[in-house]
Amino acid sequence: MWIDSHCHLNHSGITEKGSAADIIKAAKAAGIDGMMTVCCRMSEEIDTLLDIANNNDNVWCSIGTHPHDAGLEAEQAYSQADIVKIATAHDKVIALGETGLDYFYDNSPREDQQQSFRKHIRACIEAKLPMIVHTRDAEGDTARIMKEEGEGTSLTGVMHCFSSAQELAEKSLEMGFYVSFSGIITFKKAEALRETAKIVPLDRVLVETDAPFLAPVPYRGKVNEPAFVTKTGEYLAELYGKTPEEFAKITTKNFFRLFTKAKLV
């Protein structure tokens with residue numbers, strides 16, 4: 001049993017391969033029992049993601065604003081109360097995000113990114129939902145804001161598609177977060193990331209595709225899809241000294257421990 005903890009089933013890059021229903025069917029044929037399709041722009045994606053989740057068993061979704069889009073007025077129009085109201089009204093919304101900071105591209109002003117990140121953290125605490133964190137070239141501010149807003153609260157979540165320094169992994173684990181690895185872990189030049197993975201406890205590790213991005217070896221360079229999460233999972237299993245079957249059970253258990261609203265049918 002594998003769970004793809006993070007994909008984008010509505011993204012134009014993946015829909016070129018077929019409808020969401022087709023992609024989900026292919027994933028289930030490959031042994032993927034469930035997946036979460038993740039939101040980047042609430043103003044454009046909420047209805048689509050809810051349709052995908054509601055019309056497919058064992059498919060869940062999140063709502064939130066990606067840091068790339070944090071400067072958009074349409075995204076800023078969503079208040080903390082709005083986010084909480086939408087999330088708590090739908091059983092298939094199991095997390096908030098992806099949110100966070102991306103200083104590599106700086107597609108939105110950093111101040112807007114930080115304000116959006118804080119808003120999402122506060123919404124997570126109020127709604128009692130986990131947070132999906134995206135961070136790139138912003139490790140210091142990411143850890144600082146998470147601590148400032150979340151310390152002493154029920155805040156939890158996942159550092160998605162982790163590719164940062166080991167220090168951020170350690171700080172995130174100290175705050176009760178999980179760490180998720182994508183196909184990047186299989187890349188030849190990802191030796192430092194593999195060393196970081198070794199410090200993540202087995203009960204805090206998740207596996208994801210981030211489809212349609214970052215297809216794992218041997219599919220690198222192709223459009224990624226949830227069916228490929230098995231390759232990332234198998235690679236990590238060997239890294240952890242587990243069989244693929246053992247590691248699939250472990251990461252699936254971790255997924256449902258973190259995303260408590262998700263229920264298998």
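The values are calculated or read from the model by the stated rules, or taken from the named source; none is laboratory data. None of these values were measured; they are calculated from a predicted model. Neighbour counts run over all protein chains shown; Cβ positions are idealised from the backbone, glycine included.
Before moving on, here are some points about what is shown:
- Restricting segment 199-247 to residues that are in contact with a Cys (Cβ under 9 Å, 6 or more places away or on another chain) and hydrophobic (A, V, I, L, M, F, W, C), the residue that is surrounded by the fewest Cβ atoms within 10 Å (Cβ to Cβ): Phe213
- Filter result for Ile145 (over 17 Å from Leu239 (Cβ atoms), modelled with pLDDT of 95 or more, hydrophobic (A, V, I, L, M, F, W, C) and part of a helix (DSSP H, G or I)): yes
- Tabulated pairs, segment 43-71, first closer than 20 Å to Gln113 by Cα and in contact (Cβ under 8 Å) with a residue 60 or more places away in the chain, second surrounded by fewer than 24 Cβ atoms within 10 Å (Cβ to Cβ) and among the aromatic types (Phe, Trp, Tyr), C-beta under 9 angstrom, 6+ apart or interchain: Pro67/Tyr103; Pro67/Tyr105
- Considering segment 176-198, the residues that are over 25 Å from Thr153 (Cα atoms) and of a type in the set (A, V, I, L, M) include one that is surrounded by the most Cβ atoms within 10 Å (Cβ to Cβ), namely Ile185.
- All conditions in (1) in a helix (DSSP H, G or I); (2) within 19 Å of Leu129 (Cα to Cα); (3) aliphatic (A, V, I, L, M) hold for Ile14, with the sole exception of (2).
- Filter result for Lys119 (more than 20 Å from the chain's Cα centre (by Cα) and assigned to a helix (DSSP H, G or I)): no
- Annotation note: of Ser154, Ser182, Ser164, the sole residue that is over 29 Å from Asn10 (Cβ atoms) and small (Gly, Ala, Ser) is Ser154.
- Beta carbons closer than 6 Å, at least 6 apart along the sequence or on distinct chains, pair a first residue in segment 238-265 that is in contact (Cβ under 8 Å) with a residue 24 or more places away in the chain with a second that is of a type in the set (S, T, N, Q) for Phe255/Ser5; Leu264/Asn58; Val265/Asn58.
- Within segment 148-178, being more than 19 Å from Gly233 (Cα to Cα) and touching a residue at least 60 places away in the same chain (Cβ under 8 Å) holds for Thr156, Gly157.
- Among the residues making up segment 91-116, those that are surrounded by 17 or more Cβ atoms within 10 Å (Cβ to Cβ) and either out of contact with any Phe, Trp or Tyr (no Cβ under 7 Å at 6 or more places or on another chain) or assigned to a helix (DSSP H, G or I) (or both) are Val93, Leu96, Gly97, Glu98, Asp102, Ser108, Asp112, Gln113, Gln114, Ser116.
- Among the residues of segment 69-90, those identified as surrounded by fewer than 20 Cβ atoms within 10 Å (Cβ to Cβ) and either within 21 Å of His6 (Cβ to Cβ) or within 18 Å of the chain's Cα centre (by Cα) (or both) are Ile86, His90.
- Scan segment 25-46 for residues that are surrounded by 15 or more Cβ atoms within 10 Å (Cβ to Cβ) and among the polar types (S, T, N, Q) and the total you get is 1.
- Of the helices (runs of 4 or more DSSP H) lying entirely inside segment 161-265, those containing at least 2 residues that are under 23 Å from Thr135 (Cβ atoms) and touching a strand residue (DSSP E or B) at 6+ places or on another chain (Cβ under 6 Å) span 166-174, 229-240, 244-258.
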